[in-house]
1. What's the magnitude of the charge dipole for the stretch 391-469 around its Cα centre, counting Lys and Arg as +1 and Asp and Glu as -1 at the beta-carbon? Answer in Debye, nearest 20.
2. Taking amide H atoms as placed 1.01 Å from N in the peptide plane, list the residues 5 or more away in sequence, or in a different chain, whose amide H sits under 5 Å from that of Asn384.
3. Which of the following values of Kirkwood radius over Cα pairs in Å was calculated from the structure shown: (i) 29.7; (ii) 23.5; (iii) 24.8?
4. Tell me which of Val99, Val399, Asn72 sits at the most positive position along the dipole axis of the chain, charges placed on C-beta atoms (Lys, Arg +1; Asp, Glu -1).
5. Based on the alpha-carbon set only, what is the convex hull volume of the stretch 31-167 divided per residue, in Å³?
6. Report ³J(HN,Hα) in whole Hz for each residue of the stretch 241-254, in order, from the Karplus equation J = 6.51 cos²θ - 1.76 cosθ + 1.60 where θ = phi - 60°; Gly and Pro get x.
7. For n ≥ 4 DSSP H runs only, could you compute -39500 (n - 2.57) per run for the chain, divide by its residues and tell me the 222 nm figure to the nearest 500?
8. Subtract the Cα-Cα distance of Lys188 and Thr111 from 0.36 nm times their separation in residues, and report this length gain in nm to one decimal.
Amino acid sequence: MRRLATQDAMMLYQELTRNDYLHSTRVVILDPGPYSSLQIKQIMERECSRSEPLQWRLQPVPLRLNYPLWRNDPDFDVTQHVSRIACPAPGGERELCEVISQITSRPLERTRPMWECWVIEGLRDGRVAVVSKVHHALADGVGTNTLVEDTLATEPAPIGARPLRDLEPEHAPSGWVLARQAIADGVKQASGAVPTLWSKRKQIKRAQVSPSDDLVAAQLGDGPPTFLNREPVSHRAYAFTTIPLAELTTVKDAFGTTLNDLLLAITAGAVRELLVQRGELPDRPLIAGMPLSTRAPDDPKQYGNQITVLGVRLRTDIADPVARLAATKREADVAKDAFRRTVGARPEDFLTLIPPPLLVLALRALRRQITRGVPVLGNLAVSNVPGPRKHLYSADRRVDALFGSGPLAPGHSLSLTAWSYVDSFNVSFIAARDVFPDLWPFVELFRASFDELRAAARELAATTKDGVQ
């Protein structure tokens with residue numbers, strides 16, 4: 001058995017109401033191929049059985065004396081986790097996204113391994129979609145990416161070509177044994193608390209040094225209250241769009257920014273227009289909570305959370321798209337500088353020092369603020385996950401598209417996740433259904449925001465060319 005880290009346990013403890021689902025969603029769209037949807041279901045059952053974390057079951061601890069444990073499920077049956085359903089005709093993007101909306105609007109069962117996989121047939125052109133849900137307590141964005149890739153292959157292969165992994169079953173210990181282990185682990189954690197705080201004093205001091213730039217890094221709670229910061233209902237809305245990576249690269253190179261800067265600026269433009277249409281544009285920028293992996297590049301672990309969340313100002317207060325992008329780059333640079341300066345002294349570095357009961361009380365106090373409409377976790381979430389640059393395969397079927405979406409955090413009504421795959425930049429949108437009864441108009445605003453910047457980049461290139469001549 002393995003104890004959940006503090007960040008992992010937080011993903012469980014944040015589910016304080018029946019409307020909180022802290023699972024992430026992945027959508028894999030397969031090209032037409034030799035296998036039927038039933039055979040693909042059987043392939044997914046086999047491939048999911050290869051991943052050890054997908055066979056772990058949550059083991060609670062009496063009286064929350066310590067964080068829960070993962071144990072190998074002695075009753076693991078992969079067929080309970082993989083289902084096969086049909087997409088309504090005509091099987092286009094909107095019909096598929098409506099099915100995904102329904103799938104992601106249901107919580108995961110905690111009495112078995114916390115994941116599900118749905119094989120959706122009936123898409124146009126004979127394609128098949130595979131939608132997976134994995135609880136964030138099990139894996140963050142990078143970890144889930146690894147889990148997804150573990151169920152796929154980098155080369156086409158016949159069914160059954162890769163061996164399965166049989167885990168030694170772990171039955172639940174008695175309550176007394178669990179309590180004794182929890183107390184022993186807690187004492188060990190507490191004994192390292194004071195030395196840890198002492199060793200971090202230099203990092204804390206360095207983190208408090210103000211940057212020389214006029215800008216100061218944004219805090220997650222700096223944003224103005226908006227309609228985007230409500231308690232979500234149980235129903236979610238899901239949509240996606242794709243932009244060629246080559247087009248994004250052209251725009252970012254024209255203005256000397258990064259893909260991440262560009263994603264933030266496009267989002268800011270779309271959110272600004274939405275707020276203008278509603279007559280609710282605040283006079284100060286919204287704040288995006290941007291998850292950032294702290295995982296070492298060579299870390300082989302496929303599970304758990306190793307992330308921090310940066311607060312980045314979305315310059316919704318700037319009307320001109322080019323000026324907005326330039327301001328966004330400055331904001332992102334300041335946020336990245338703060339990230340570097342605060343290494344070792346970020347909030348997640350001290351979470352391990354908080355006993356589980358106190359952590360739960362802190363989360364409940366935070367939730368009361370959220371219930372009052374205070375955007376303590378930012379106004380919305382924007383995430384950018386680098387995905388595979390080579391095509392993946394499910395048996396002999398090639399993966400045509402790959403999308404990913406994080407959970408809708410408490411107090412957020414909108415979340416965006418970009419997941420690059422081969423030569424595409426795939427963006428998923430997940431929102432509270434009561435705030436976004438129809439999510440597609442916002443997707444169009446997102447596309448229009450990018451079109452503005454693309455047009456500006458072309459105009460700049462033409463002007464530069466004429467100037468050279």
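Just so you know, all these numbers are worked out from the coordinates, no wet-lab data involved. Note that the structure is a prediction, hence the values are computed from the model and not measured. Cβ placement follows ideal geometry from the backbone for every residue including glycine, while neighbour counts extend to all protein chains displayed.
1. Its charge dipole is roughly 160 debye.
2. Ala418
3. Correct label, based on the coordinates given: (ii).
4. Asn72
5. Convex hull volume per residue, Cα atoms: 119 Å³.
6. 8, 10, 10, x, 4, 4, 5, 5, 4, 4, 5, 5, 5, 5
7. -12000 deg cm²/dmol
8. 24.9 nm
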